[in-house]
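Throughout, read-outs are computed from the coordinates displayed, never taken from laboratory work. Just so we're clear, the structure is a prediction, and the values are computed from it rather than from any experiment. A quick note on method: Cβ atoms are made from the backbone with ideal geometry, for glycine too, and the neighbour counts reach across all protein chains shown.
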Amino acid sequence: MVMPLALLEKSMNKKISLMLKDNRILEGKLTGYDEYMNMVIEETEERTADASRRLGVVILRGNNVVSISPL
Amino acid sequence: MVMPLALLEKSMNKKISLMLKDNRILEGKLTGYDEYMNMVIEETEERTADASRRLGVVILRGNNVVSISPL
Amino acid sequence: MVMPLALLEKSMNKKISLMLKDNRILEGKLTGYDEYMNMVIEETEERTADASRRLGVVILRGNNVVSISPL
Amino acid sequence: MVMPLALLEKSMNKKISLMLKDNRILEGKLTGYDEYMNMVIEETEERTADASRRLGVVILRGNNVVSISPL
Amino acid sequence: MVMPLALLEKSMNKKISLMLKDNRILEGKLTGYDEYMNMVIEETEERTADASRRLGVVILRGNNVVSISPL
Amino acid sequence: MVMPLALLEKSMNKKISLMLKDNRILEGKLTGYDEYMNMVIEETEERTADASRRLGVVILRGNNVVSISPL
Amino acid sequence: MVMPLALLEKSMNKKISLMLKDNRILEGKLTGYDEYMNMVIEETEERTADASRRLGVVILRGNNVVSISPL
């Protein structure tokens with residue numbers, strides 16, 4: 001059994017990909033999170049079909065997140 | 001009586017299909033979950049009418065899930 | 001007085017019809033539920049105006065359900 | 001002062017009309033409810049501008065309800 | 001300081017106007033409410049730009065209400 | 001550090017502007033609020049690009065509010 | 001580990017950029033926040049693709065926020 005928050009813990013300081021409710025895809029290094037799945041992402045890039053945009057450090061509210069994948 | 005979380009427990013390490021609120025269909029092996037139905041899915045594939053896309057390991061937030069079926 | 005959860009209890013192992021928030025209609029045998037109206041449905045079929053699709057066993061999250069009818 | 005739940009209590013076994021968030025109108029006899037305004041409705045009919053459809057017994061989740069009127 | 005619920009209390013048995021999340025406007029006499037801003041409205045009329053419709057007694061769920069004005 | 005509710009307290013009996021989730025802009029004098037950011041606004045006007053409409057006293061449910069600015 | 005609220009604390013009195021659920025971008029100096037990520041922003045500007053609008057001091061409700069970036 002891998003608890004969802006335990007997998008976040010294991011992903012600390014590694015690159016993850018996030019899909020948000022508004023369909024945006026973010027990629028970056030996970031450097032923090034809390035019990036609500038609020039996260040701190042560094043070196044964040046927003047990826048769309050044909051472009052990518054640098055967002056740097058981002059605090060992301062958990063209730064906007066659909067799914068998270070270690071990269 | 002089969003409690004919903006008990007059926008998740010019984011589906012551990014087996015293939016499941018998930019329908020999300022945004023109508024996406026994910027398939028993969030359930031390797032973890034918590035009381036909020038947040039889940040960890042491995043070997044995840046997103047299936048649409050005419051294609052499938054590999055997502056690998058995915059942490060899925062439970063409040064985006066409509067339904068879950070053992071495969 | 002028929003409490004809503006008591007009617008679910010009375011519907012155990014019987015066929016029910018469910019309307020979801022996304023307007024889909026599911027029919028199947030209720031084999032489990034919890035206090036949040038998460039449900040386990042077996043022999044589930046999704047019915048639309050002109051077709052029906054077999055979904056088998058389904059764990060349904062209660063917050064996607066609009067209404068439930070014993071059949 | 002008429003508390004909202006007290007008026008539901010007074011409407012027990014009487015005909016009520018319900019407006020749902022998806023704009024559907026249901027009419028039927030209230031035979032049960034709980035503190036979340038989940039309701040059991042019997043002899044339920046769904047009314048639209050030009051038709052009505054029999055739904056029989058319905059368990060309705062309270063969070064889909066906009067308003068309730070005794071008939 | 002006028003607490004929001006205290007102004008509801010002061011509006012008891014008086015006419016109020018309500019704007020709902022679906023943009024409908026209701027007018028009627030407030031005869032009850034609870035801590036969730038569920039309300040009982042009597043002699044309710046739904047007003048649109050070019051018409052008004054009598055709804056009589058209405059139990060309104062608070063989470064559908066945007067704003068309330070004493071008339 | 002200015003706590004959000006402390007700034008509401010400091011805005012009491014002063015003019016504020018509110019943006020609602022449905023994009024409407026309200027302006028008026030804040031005369032009350034509670035911990036959920038439900039508010040009582042007096043001399044309220046709804047402003048759109050080309051018109052303004054008097055709403056008088058308004059009880060506003062906090063969960064419809066996006067942002068609040070002292071004027 | 002950088003807890004999300006700790007990064008907000010570290011951003012106090014500094015410029016941040018916020019993305020809201022309605023896709024608006026706000027920039028300004030963070031001068032306060034609470035545990036729900038309600039925030040007080042000063043010298044706030046709303047930025048769109050081709051314009052920027054001064055909003056001054058803004059109390060922002062946390063549940064409308066998607067992401068926050070220190071600038």
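The Cα-based radius of gyration of the stretch B:1-52, divided by its Kirkwood radius, gives an Rg/Rh of 1.00.
Size of the protein assembly as shown from its Cα atoms: along the principal axes, largest to smallest, the extents are 61, 61, 32 Å. Using the Cβ of D:Leu30 as centre and a radius below 13 Å, the other residues enclosed give a net charge of -1, where K and R count +1 and D and E count -1. I want the local charge near B:Ser67. Using Cβ-Cβ distances under 11 Å, sum +1 for each Lys or Arg and -1 for each Asp or Glu among the other residues. The answer is +1.
When the trypsin sites (Lys or Arg not before Pro) in chain D are filtered for DSSP coil states and for at most 12 other beta-carbon atoms within 10 Å of their beta-carbon, the remaining sites are D:Lys14. Each label was represented as a point 7 Å from its Cα along the Cα-to-Cβ direction; for B:Ile25 and F:Arg54 these points are 5.9 nm apart. Backbone phi angles across the stretch D:8-17, fed through the Karplus curve with coefficients 6.51, -1.76 and 1.60 (θ = phi - 60°), yield HN-Hα couplings of 4, 4, 5, 8, 4, 6, 10, 7, 10, 10 Hz in residue order; Gly and Pro are listed as x.
In the structure shown, the pairs A:Lys14/B:Lys14; B:Lys10/C:Lys29; E:Lys10/F:Lys15; D:Lys14/E:Lys15; D:Lys21/E:Lys14; F:Lys21/G:Lys21 are assessed against 21 Å; a Cα-Cα span above that value is assigned to A:Lys14/B:Lys14; E:Lys10/F:Lys15; D:Lys14/E:Lys15; D:Lys21/E:Lys14.
Under a point-charge model restricted to the Cβ atoms of Lys and Arg (+1) and Asp and Glu (-1), what is the dipole moment magnitude of chain C relative to its Cα centre, in debye to the nearest 20? Intermediate values should be presented prior to the final figure.
Details: 10 positive and 10 negative charges, 20 e Å.
So the magnitude is around 100 debye.
Each residue, E:Glu43 and E:Glu9, gets one label point 7 Å from its Cα in the Cβ direction; the gap between the two is 2.5 nm.
In deg cm²/dmol and to the nearest 500, what is the mean residue ellipticity at 222 nm of chain G if only DSSP H runs of at least 4 residues count, each as -39500 (n - 2.57), divided by the residue total? Please list the in-between numbers first.
Numbers: 1 runs with 7 residues, N = 71.
Calculated from helices alone, the mean residue ellipticity at 222 nm is -2500 deg cm²/dmol.
If you take every residue apart from G:Glu46 with its C-beta less than 10 Å away from the C-beta of G:Glu46, what net charge results, scoring Lys and Arg +1 and Asp and Glu -1? Charge balance in the 10 Å sphere: +2.
The residue list B:Asn63, C:Asn23, D:Leu8 was ranked by how far each Cα lies along the charge dipole of the protein assembly as shown toward its positive end, using unit charges on Cβ atoms, and C:Asn23 comes out on top.
Residue of chain C with the smallest Cβ distance to the axis mapping C onto B, distance rounded to whole Å: C:Asn63, 9. Structural descriptor for chain A: relative contact order 32 percent, calculated from alpha carbon pairs under 8 angstrom and at least 6 residues apart. Its Cα centre serving as origin, the protein assembly as shown has a Cβ charge dipole (Lys and Arg +1, Asp and Glu -1) of approximately 480 debye.
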